[in-house]
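**Student:** Have a look at the structure that comes next, please.
The values are calculated or read from the model by the stated rules, or taken from the named source; none is laboratory data. Given the structure is predicted, the values throughout are model-derived calculations rather than measurements. Positions of Cβ are generated from backbone atoms using ideal geometry, with glycine treated the same way; all protein chains shown enter the neighbour counts.
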Amino acid sequence: MNLQEFAEVVVLAPMGRVDHTSAESFQSELLEHVGQCAAADKHIILDMSGIDYMSSVGLRALMIASKESKKTEMSIVVSALQPDMKEIFEISRFHFVFKTFDTTAEAIKGFSDAAVAAWSAGQED
Amino acid sequence: MKVHFWGTRGSLPVSLTGDGIRKKVFQALQKANGKQFADDTAISDFMDSELAFHQRSGFGGSSSCVEIKVPGQDYIVCDMGSGLRELGQQIMQEHGPGKPQTYNIFMSHPHWDHIMGLPFFPPAYIPGNKLRIHGGHDTLEQALRKQQEDPCFPVHFDFLGADIEFIKLTPSEPFQCGDVTVHTIRQPHHGDSYGYRFENSGKAVVYSTDAEHKLESEEETAEFVDFFKSADLLIFDAMYTMADMISVKEDWGHSSNIIGVDLCHRAGVKHYCMFHHEPVFGDKALSEILAETIRYEEIIRDGDALKVSSAYDGLEIVI
Ligand SMILES: [Zn+2]
Ligand SMILES: [Zn+2]
C-alpha cells in the first residue's frame, strides 16, 4: 500500500479488493505499518479511495489494527471511502469503530498545524 | 424437502409487547386512512402490498427449533428450543395420542435456549412415541435430565412416557436417518456445537447455528466452506453485526450477517437464511438488517446471485 508522511501523520492508501484471497497480505502489511507508526509516535489516516470493496476478512484486519492502536497513543482514522465501501462500513457498523472523513484533506485537519502545512505543500507540488 | 421454522430467536425467547402491537396497528391504520376495501381479499392485498413485513407481521420470538420435512420420512427436528412447543401442539392436532411417531432430533448443543422446549412437547409424554436424540455431545442426556430436576421443574425426565434414545454422532462420519444422509461438523462455540447437513434426492439443507466464525485461520474457514458446498439452503447463526461480533461480543460464540454472505459466496450456496436472532432486535431492526445484508450481497457478489432471507417463526421454505 502506498505511504506518505505529513509531520506526525502517515497516510496509507491500500488498493483493490480485499477478500479471502488478499486479506492475509493486506492484514500483515497493515499491522506492520501500525507497529512502525506506534513506535514512531505517528498517527494513521487510511485513505480508502483505492479500495473497491472489502469482505468480512478485510474488516477483521481493520478491527485488529484498531485494537492494536488502542494499546498505544496512536489514532487511526479512515478517509475517502468509495460509495460501496461507505455502505459496507455502515452495514458492518464499522463507522462506529473508526472516525471517517469524506476526504483525506478533511482528515488531516484533525491533526497538527505542521501536518496540515506539510499536506498543503504536498498538494501544490 | 421443506424446512419449517418453529423458533428462530437466539439465547432467550422474547415476545412482542402490547406496546409493540399497538405500534403495528397504528401504522396500519395510518396507511389505510381514507381507503375503502371492497372485501376481505382487498384488505389482505393491501396488507401484503402496502405494509412492510415488520408492520403487518413479525419474526416471532421462540428459540431455536427447525423441522426438516422429507416426504415419506419420520420427523426430523433440529434443536428443542421453545419453538418445539408449537410443533408439539400441531402434531397433537394432526395425530392425536393414538398414532405413535418417531422423532429424529438433531441437537446443535445443550445450551438452554436449545433444550427448553422438551418439557413442553406433548409427544414426549406419550408411550409408543420414539424420540431419537442425535448429537455430538456426551452431555446431552445429562442436560435434558437436569433441566427437569428439582427445584427447577416439577415433572422429572423419567416421567416422559416416550421411548427416548440418545445417538452420538461423529463429525466426518455420515449418518443415515432413513433416506436422509446426515453429515456432522464440530463448530466453534462455548463447549462446542455441531452443525448438520441433510441430504436427500440431490438436495442439501445445512443447519449451522451457534458458531463463531472468527476467520482466524483459512484452514478452519475452508472446512466450513467445504461443509456448506453448493447447499440449497444454509441456516446460519447471524446474530450480531460484524463490528459487535469481533469487538464487544468477541468470544460470545456467534457470527455476523455478512460473514454468512461471504461463506455462502465461497461455498456456492443457493439460499442463505439468517437465524438465531438477537433478542434485543425488534421486528423493524431485523427487517433493516435483512435489507442491509441483501445490499451487502449485491456489492460483494462476484458470480451467481445468492438468495438472502431472514428466518421467522412460521416461515416454510420449499427446497
Ligand atoms: Zn443459542
Ligand atoms: Zn449456545
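**Student:** Being in a helix (DSSP H, G or I), among the aromatic types (Phe, Trp, Tyr) and within 16 Å of ligand 2 (Cβ to nearest atom) is the filter here; which residues of the range B:73-132 pass it?
**Tutor:** If the condition is that a residue be in a helix (DSSP H, G or I), among the aromatic types (Phe, Trp, Tyr) and within 16 Å of ligand 2 (Cβ to nearest atom), then B:Trp112 is the only one that fits.
**Student:** Also: Return yes when B:Ala231 is within 16 Å of ligand 1 (Cβ to nearest atom), crowded, with 24+ Cβ neighbours inside 10 Å, at pLDDT 95 or above and in a loop (DSSP other than H, G, I, E, B) and no when it is not.
**Tutor:** No, not satisfied.
**Student:** I would also like to ask the following. Collect the residues in the range A:5-24 that are within 14 Å of chain B (Cβ to nearest Cβ) and either at pLDDT 95 or above or touching a strand residue (DSSP E or B) at 6+ places or on another chain (Cβ under 9 Å) (or both), keeping them in residue-number order.
**Tutor:** Correct list: A:Gly16, A:Arg17, A:Val18, A:Asp19, A:Ser22, A:Ala23.
**Student:** Please give the helices (runs of 4 or more DSSP H) falling wholly within the range B:1-63 in which 3 or more residues are closer than 30 Å to B:Gly117 by Cα.
**Tutor:** In the range B:1-63, the matching helices (runs of 4 or more DSSP H) lie at B:18-32, B:53-56.
**Student:** Restricting attention to the range B:300-311, report how many residues are surrounded by fewer than 19 Cβ atoms within 10 Å (Cβ to Cβ) and either away from chain A (no Cβ under 14 Å) or not in a loop (DSSP other than H, G, I, E, B) (or both).
**Tutor:** Total satisfying the criteria: 4.
**Student:** Let me ask something else about it. Between A:Glu106, A:Glu73, which is of a type in the set (D, E, K, R), more than 10 Å from every other protein chain (Cβ to nearest Cβ) and either crowded, with 16+ Cβ neighbours inside 10 Å or part of a loop (DSSP other than H, G, I, E, B) (or both)?
**Tutor:** Result of the check over A:Glu106, A:Glu73: A:Glu73.
**Student:** Now a separate question. Among the residues of the range A:19-48, write down those that are over 24 Å from B:Arg266 (Cβ atoms), outside any helix (DSSP H, G or I) and not hydrophobic (A, V, I, L, M, F, W, C).
**Tutor:** Hits for the range A:19-48 are A:Asp41, A:Lys42, A:His43, A:Asp47.
**Student:** Failed condition for B:Lys284, given (1) part of a helix (DSSP H, G or I); (2) touching a Phe, Trp or Tyr at 6+ places or on another chain (Cβ under 7 Å); (3) in contact (Cβ under 8 Å) with a residue 60 or more places away in the chain, with all others met?
**Tutor:** That leaves (2) as the condition not met.
**Student:** Take A:His95 and decide whether it is modelled with pLDDT of 95 or more and not in a helix (DSSP H, G or I).
**Tutor:** Considered against the rule, which asks whether it is modelled with pLDDT of 95 or more and not in a helix (DSSP H, G or I), A:His95 comes out as yes.
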